[in-house]
């Protein structure tokens, strides 16, 4: 999933829980659950981790995704009447943290982060490696629809 999708879901979870700790925990858990759904980025991930020759494309996609997510979250924070900015924030942090930790592991190979890397790809590859991934174009369109719906819940 894109960081924007995770962040939007985390924001909705934050609003729904009304509790910063629960927002973080449920945001974190939601990341793994929605990553089970095939979402078109297996080729980018494999290109980065396996073939190494498509690394620039994967990095560019990730950077654009991060910028869009940041812009979108700031837009929501500045255009919505959010009752608790704290729960909003902690829901988002929990929901994007797994991807950030995986990226940190990719960069450092830190032994302390190996567990999150393995857990992340256990869920991420649950269906994709047995069946197949969907085309990235369709996955991004589906996520735009999901984000459009979720943001109405804030």
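The values are calculated or read from the model by the stated rules, or taken from the named source; none is laboratory data. Everything quoted here is computed from the prediction, not taken from an experiment. Because the Cβ atoms are built from the backbone with ideal geometry, glycine has one as well, and the counts that use them run over all protein chains shown.
Return the only residue of 6, 39, 31 being in contact with a helix residue (DSSP H, G or I) (Cβ under 7 Å, 6 or more places away or on another chain), under 22 Å from residue 143 (Cβ atoms) and not in a helix (DSSP H, G or I).
None of the others qualify; the one that does is 39.
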Task: Residues satisfying the stated conditions in region 73-84, i.e. closer than 13 Å to residue 12 by Cβ and either part of a helix (DSSP H, G or I) or modelled with pLDDT of 95 or more (or both) - done: 73, 76
- [ ] Can you tell me which residue among 150, 112 is loosely packed, with under 11 Cβ neighbours inside 10 Å and within 22 Å of residue 29 (Cβ to Cβ)?
- [x] 112
Open item on the list: Being free of Cβ contacts under 8 Å to residues at least 60 places away in the same chain and either assigned to a helix (DSSP H, G or I) or in contact with a helix residue (DSSP H, G or I) (Cβ under 7 Å, 6 or more places away or on another chain) (or both) is the requirement here; does residue 113 meet it?
Closed with: yes
Task: Some residue of region 85-101 being assigned to a helix (DSSP H, G or I), closer than 13 Å to residue 35 by Cα and free of Cβ contacts under 8 Å to residues at least 60 places away in the same chain - done: no
TODO: With the condition kept exactly as written, say whether any residue in region 24-47 is surrounded by fewer than 18 Cβ atoms within 10 Å (Cβ to Cβ), within 16 Å of residue 154 (Cα to Cα) and free of Cβ contacts under 8 Å to residues at least 60 places away in the same chain.
DONE: no
